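The values are calculated or read from the model by the stated rules, or taken from the named source; none is laboratory data. Keep in mind that what you see is a predicted model, and the values were worked out from it rather than measured. Here the Cβ positions follow ideal geometry from the backbone for every residue, glycine too, while neighbour counts run over all protein chains shown. To get the accessible areas, we keep the full protein, side chains included, count just its heavy atoms, and leave off ligands, DNA and RNA. Shrake-Rupley method; radii C 1.70, N 1.55, O 1.52, S 1.80 Å.
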Amino acid sequence: MTETSPFSGEHNLPRNYAADLLTIDHGDGVWLFDRAGNRYLDMGAGIAVNALGYGRDDLADIAAAQMRRLIHVSNLYTTEPTLRLAQRLSQARIGAWDPDFAAVHFGNSGAEANEAAVKYARVYAHRSHGGSKHKLLSFHNGFHGRTMGALSLTHNPKYREPFEPLVPGCVYAPFNDAAALEQVLDDSFAGVIVEVVQGEGGLSNMTPEFAQALNRLCHTHKAILIADEVQTGLGRTGHLFASETVALRPDIVSLSKPLAGGLPLSATLISRRINQQLNLGDHGSTFGGGPVTTAVALRVWEIVDDSAFLADVRHRASHLEHRLSQLQQRFPFVGKPCGMGLLRGLPIGAGQRLADIMTAILDNARENGLLVLRSGSNVIRIAPPLVISEGEIDEGCSILASVLESVAAQFKGDLYE
Ligand code: PLP
């Protein structure tokens, strides 16, 4: 596929972004189109953001109407869409369990949602138990964002080390290891932050046993349990919150990616006892929770907080799982599909040339009209819009099959079971 762009060859975005960025012109359903009219089946959804697909008149109409009425007021005032969304989110249940969320802090990104979460955990610990209870625990292969606080909680040295020194008091433990958790966690911890599916770190799923250990030990040591549902929340796993699937009982939940249908918005849901410890001015955001993003988010919430919608996501997710299992059976270097719901991965078995092979898979897919993502070092991540049809899943998986075929021929000898 060729793309014609006035910017071909160079751009003025920083060098931390790829030199050959695809310039996308518009989208429709689960399809994206570049300036030359080439179309791409989007199985990445803007990194698990565009849950309801592209070209949504309903969302555009809500945003346009709200923009004509009022775009911004800051946190010194509020608006009706902000208050209504905060009310809906604070009434949310995690499966049958009522977490008693009393308040919602709005920000603009996943990292900001987690910054708010750990600030609330620390201020709660300071005010309820004193300043020595300040440590924060996170897990190997977890990812919580790139601001200095969220980065301090992200274990992978690749993201962290160039920016050190970071926030003191951050400790890492192995994921899904209840015995190690028991060893590490003590009364000096203010909070623990964890993902139910490690979206960036290789798509490992939390076990129910580990969820139970987190619930129990956070309770014992009076540490605030934070579920980072930035990637897994709002239907991605076929449930409103992934925490429901393992009976995790968080005091705080962070949400962002799909919350406002592609507009930047995050929400940090906090339980009553934390809210009771907050004072005026403890935290804030100029843009967070403005009327445009929250008006759109109310519509997104109405769509995803629906048992029929979620059952349909689960149905299509099992179709995707079946197709991915077929790829595993056909290619010896493809491992068992990992992840959950419509956040799935295919591990690739490769030796020293792994990085080249992963790049070749993603580039070759793009050349053939399919956009997929990477997770960790060796997992092809598939996170399509939640509205993808079975036929579109079949189409994407058949492109992926031919991509794996040609990469297998190109890298013969470097791929293993
Ligand atoms: N938390 C998780 C689980 C994520 O997957 C991400 C982004 O991928 C973030 C936090 C950071 O979100 P953002 O890039 O919007 O700051």
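Extension gain, L13 to R272, is 89.0 nm, computed as 0.36 nm per intervening residue step minus the present C-alpha separation. Rolling a 1.4 Å probe over the heavy atoms of the protein chains gives the chain an accessible area of 44 Å² per residue. H155 contributes about 50 Å² of solvent-accessible surface, heavy atoms of the protein only, 1.4 Å probe. What a 1.4 Å probe finds exposed on the chain is 50% carbon and sulfur by accessible area, rounded to a whole percent. Applying 1/(1 + (r/R0)^6) with R0 = 45 Å to the Cβ-Cβ distance of T359 and E80 gives a FRET efficiency near 0.40. Most fluctuating residue of A51, A260, A311 in a GNM of the chain with Cα springs under 10 Å: which is it? Comparing A51, A260, A311 in a Gaussian network model of the chain, the most mobile one is A311. For the Cα atoms of the chain, what angle does the longest principal axis make with the long axis of helix 110-129, in degrees from 0 to 90, nearest 10? Helix 110-129 sits at roughly 20 degrees to that axis. For the chain, the dipole from Cβ point charges (+1 on Lys and Arg, -1 on Asp and Glu) about the Cα centre works out to 920 debye, to the nearest 20. Sorted largest first, the principal axis extents computed over the alpha-carbon atoms of the stretch 236-337 equal 59, 28, 28 Å. Restricting attention to the chain, lysine pairs at least eight places apart or on different chains and with alpha-carbon atoms under 15 angstrom apart total 4. Only helical runs count toward this figure. For the chain, summing -39,500 (n - 2.57) over DSSP H runs of n ≥ 4 and dividing by all residues gives -11500 deg cm²/dmol at 222 nm. If you take all other residues with their beta carbon under 13 Å from the beta carbon of S188, and give Lys and Arg +1 and Asp and Glu -1, the sum is +2. The share of alpha-carbon pairs in the chain lying farther apart than 28 Å comes to 49%.
Report the Cα centroid-to-centroid distance between the stretch 188-233 and the stretch 138-179 in angstrom, as an integer. Cα centroid to Cα centroid, the span is 14 Å. Other residues within the sphere of radius under 14 Å centred on the Cβ of G55, judged by their own Cβ, net out at -4 (K and R +1, D and E -1).
Mean-square fluctuations from a GNM of the chain, with a 10 angstrom spring cutoff on Cα atoms, peak among P157, P14, P81 at P14. Under a 5 Å amide H cut-off, with hydrogens placed 1.01 Å from N, V387 pairs with G53 among residues at least 5 apart or on other chains. Going by Cα centres, the stretch 308-375 and the stretch 53-115 are how many Å apart? Cα centroid of the stretch 308-375 versus Cα centroid of the stretch 53-115: 32 Å apart.
Which is the longest part of the chain that has none of the chymotrypsin sites (Phe, Trp or Tyr not before Pro) sitting in a DSSP loop with at most 12 other Cβ atoms within 10 Å?
Segment 78-415 is the longest.
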